[in-house]
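Working notes, beginning with the structure itself.
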Amino acid sequence: MRSRNPVFSRRGFSRDNGYAGFNTAPQAGGPAVGTQANPYAGGNPYAQNPYAQQDLQYGAPPQAPATTGRMTMDDVVLRTASTLGTLIVTAALAWALLPVDDANINRSYGIGVGAALVGMVLALVQSFKRKATPALILSYAAFEGVFLGVVSSVVDNRIASGAAMQAVIGTMAVFAGVLVAYKAGWIRVNRRFYGFVMAAALGFVLLMVVNLLFAVFGGGDGLGFRSGPLGVFFGIVGVLLGACFLALDFKQVEDGIAYGAPKEEAWLAAFGLTLTLVWIYMEFLRIIAILNSND
């Protein structure tokens, strides 16, 4: 599974680990004839799926494939709501049940970090599976919610009151803005866009890893990429990268529906969107914490 997320790897909407092609017209029975094919998949990745073959066998028009058993936008919305709902519930429980006062903060933070590690393992396992596993995706959301609940409580109660709500509003605003821009055609997700985003994400992650290594072995804030003015700058870069990944997620969903992806692939769409939204939320929370700690 190729990655469209700067942290985790996940596959696109196909049964052969391909992506739906960029800027290609959907056809149910043959290779996509378009202006530009995806570099990771030759033509239409759904050309050989069993639903497309049934369309050809029974003489259905290629441009009007049957929708039974295929992913729809309603499926994506419902699965995404389930995943985010699970994350929000566990985050709220962690906030309420894991106090962050001086006597309990180490225990609460330890539980939060442990939950984050478990969530990362579950996300990686799902990323390398050929099929979506709803239980695995929901479990990831639950553990990630515990981590977010603890971190949000620490920032909100000890650094900046109201930070969690501000980060939520910022994340929702980015999601809505990217969705409007994507639907209006202001963002064109093509091969060049994909290459630029992936190259920028790789550079960003490498810088953060180097900063983390300097912080672990040298102490302090490392190279300062996650604190002070540089921290704010790289936080903004992180939000912008998250917005770009949202556009890639929207394109992935659009292509999956257009090419007749199986219905269960909606869980992968929910998984990808959740990963990206968590990324954006954490960047907003970090920016808010840095700005308030410098007051």
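Read the figures in this text as sums done on the coordinates, not as results from a lab. Treat the numbers as computed from the prediction; the structure is a model and nothing was measured. Every residue, glycine among them, receives a Cβ derived from its backbone with ideal geometry; neighbour counts consider all protein chains shown.
The slack in the chain from V216 to M73, taken as 0.36 nm per residue of separation less the alpha-carbon distance, amounts to 47.1 nm. Each principal axis of the Cα cloud of region 137-254 was taken in turn, and the coordinate range along them, longest first, works out to 45, 30, 29 Å. Residues Y140, Y281, arranged from fewest to most other Cβ atoms within 10 angstrom of their Cβ, appear as Y281, Y140.
Along region 151-156 the Karplus relation, 6.51 cos²θ - 1.76 cosθ + 1.60 evaluated at θ = phi - 60°, assigns HN-Hα couplings of 4, 4, 5, 4, 5, 5 Hz to successive residues, with x for each Gly and Pro. Exposure proxy ranking for W186, W279, based on other Cβ atoms within 10 angstrom of each Cβ and starting from the fewest, stands as W186, W279.
If you take all C-alpha pairs in region 99-169, what percent of them are over 17 Å apart? Summing the P(r) of region 99-169 above 17 Å gives 50 percent of all pairs. Ranked by the mean number of other Cβ atoms within 10 Å of their residues, highest first, the peptides 166-176, 100-110 fall in the order 166-176, 100-110.
Protection proxy ranking, highest mean first, for peptides 145-154, 256-265: 145-154, 256-265, where packing is the per-residue count of other beta-carbon atoms within 10 Å, averaged. Extension gain for D101-L207 works out to 34.9 nm (0.36 nm per residue, less the C-alpha to C-alpha distance).
Residues of region 150-173 with an amide N closer than 12 Å to a point placed 7 Å from the Cα of N292 along the Cα-to-Cβ direction: 152-168. Once the C-beta distance of M165 and A199 is scaled by a Förster radius of 30 Å, the resulting FRET efficiency is 0.30 to the nearest 0.05. Extension gain, M120-V89: 0.36 nm per intervening residue step, less the Cα-Cα distance, totals 9.3 nm.
Compared with the rule-of-thumb size 2.2 N^0.38 Å for a compact globular protein, region 69-293 has a Cα radius of gyration ratio of 1.04. Here's the list of lysines a cross-link from K129 could span, going by alpha-carbon distance under 25 Å and ignoring same-chain residues fewer than 8 apart: K251, K263.
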